[in-house]
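Here is the structure we will look at.
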Amino acid sequence: MFDNLSDKLDSALHVLKGHGQITEVNVAETLKEVRRALVDADVNYKIAKEFTNTVKEKALGQNVLTALKPGQLMVKLVKDELTELMGGEAAGVNLSGNPSVILMSGLQGSGKTTFSGKLANYLKNKKTKKPLLVACDVYRPAAINQLHVVGEQIGVEVFSDEGNQDPVAISKAAIAHAKENGHNVVIIDTAGRLAVDEAMMTEISNIHTAIEPHETLFVVDSMTGQDAVNTAKAFNDRLNFDGVILTKLDGDTRGGAAISIKSVVNKPIKFIGTGEKMDAIDVFYPSRMADRILG
Ligand code: GDP
């Protein structure tokens, strides 16, 4: 994960290791390389610049107050700032309802259906939760079928109504079904398209308004780099979602989406997807991710 970024940051920070103290010159040189590494990893230039400016101020301010060597100090400052940029604390999912309704949004292929299954499985394993998965992609019968396959695999019931073209009606019927059958979590998988378009946005906004979910999650493929951030912004403008799910972090992704999405939409990354299997789900901990990035 993020091997390229980790290597580049390591060599950028290595420069300071030979120095006895932090100076304006060696900090500027180091942070120029850090900034380049971030931009190469698909972090937006403005975010990368703000990032290095903040680290610079802290480095020059703290230099005399710390027992750390310049190299160690800089690694610590970069790590702390990366953690902050990615959201600080880990953020949970709102499960306060009975049932708690979770609406999944995102483009087609982002990993929504897979993640819906993973989340259902994750919650089911918590023992106190009995999830219901809901197939609301009314355009692609294959997508409905895919959710049934996932449900069978993890032993979670799937609600669908093939032929019904109204996702709002399906969602409402599913919530009623959940109440009758003791499901305390309802996870609604919706239709995505290949790119952001008005019809998809109207449909998901209508579902959102009609069912008032406790939690709206936006699923995005981390391999799509800066596009991931732009798509997040488009969905957030319409849905004001609660959190981001970053999928495919097991692939050869550069890391930009993980680092910059929080600062663009001001919503936390809540979970990450790290594979195609149902157990390839992790809670997103900003500090652990920063540790991984810096090696
Ligand atoms: P949807 O169209 O948004 O519902 O996307 P799908 O759930 O069908 O996922 C699209 C493809 O990405 C499928 O082949 C999934 O197996 C794959 N996929 C989903 N999440 C992950 C992940 O975290 N890692 C990897 N490697 N593949 C994933």
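The values are calculated or read from the model by the stated rules, or taken from the named source; none is laboratory data. As the structure is a computational prediction, the values presented were derived from the model and not from experiment. All Cβ positions, glycine included, derive from the backbone under ideal geometry; neighbour counts span all protein chains shown. Protein only, heavy atoms only, side chains kept; ligands, DNA and RNA dropped before computing areas. Shrake-Rupley method; radii C 1.70, N 1.55, O 1.52, S 1.80 Å.
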The listed residue being of a type outside the set (D, E, K, R) and farther than 30 Å from T83 by Cα, out of T202, T231, T253, T224: T202
Check on G71, over 16 Å from I188 (Cβ atoms), open to solvent by 50 Å² or more (accessible area, probe 1.4 Å) and not basic (K, R): no
Residue that is most open to solvent (accessible area, probe 1.4 Å), among those in region 130-159 that are away from the ligand (no atom under 13 Å from the Cβ) and modelled with pLDDT under 95: P141
Positions within region 249-264 being within 16 Å of the ligand (Cβ to nearest atom) and either of a type in the set (A, V, I, L, M) or more than 15 Å from Q226 (Cβ to Cβ) (or both), in sequence order: L249, D250, G251, D252, A257, A258, I261
Which numbered condition D282 fails, given (1) assigned to a strand (DSSP E or B); (2) in contact (Cβ under 8 Å) with a residue 12 or more places away in the chain: (2)
Residues within region 192-222 that are open to solvent by less than 30 Å² (accessible area, probe 1.4 Å) and either of a type in the set (V, I, T) or in a helix (DSSP H, G or I) (or both), tallied: 11
Odd one out for S105 among (1) within 14 Å of the ligand (Cβ to nearest atom); (2) more than 18 Å from V244 (Cβ to Cβ); (3) among the small types (G, A, S): (2)
Flag for G88 being in contact (Cβ under 8 Å) with a residue 24 or more places away in the chain and either over 24 Å from the mean Cα position of the chain (by Cα) or farther than 21 Å from G192 by Cβ (or both): yes
Residue in region 12-31 that is without any contact (Cβ under 8 Å) to a residue 40 or more places away in the chain, surrounded by 16 or more Cβ atoms within 10 Å (Cβ to Cβ), part of a helix (DSSP H, G or I) and not aliphatic (A, V, I, L, M) present: no
Checklist (1) open to solvent by 10 Å² or more (accessible area, probe 1.4 Å); (2) within 15 Å of K270 (Cα to Cα) applied to A232, failing item: (1)
Condition check for K126: free of Cβ contacts under 8 Å to residues at least 40 places away in the same chain, in a loop (DSSP other than H, G, I, E, B), open to solvent by 20 Å² or more (accessible area, probe 1.4 Å) and away from the ligand (no atom under 16 Å from the Cβ): yes
The one condition in (1) under 26 Å from K76 (Cα atoms); (2) within 16 Å of the ligand (Cβ to nearest atom); (3) modelled with pLDDT of 95 or more; (4) surrounded by fewer than 20 Cβ atoms within 10 Å (Cβ to Cβ) that Y285 fails to fulfil: (2)
Index of the failed condition, K267 passing every other in (1) within 16 Å of the ligand (Cβ to nearest atom); (2) in a loop (DSSP other than H, G, I, E, B): (1)
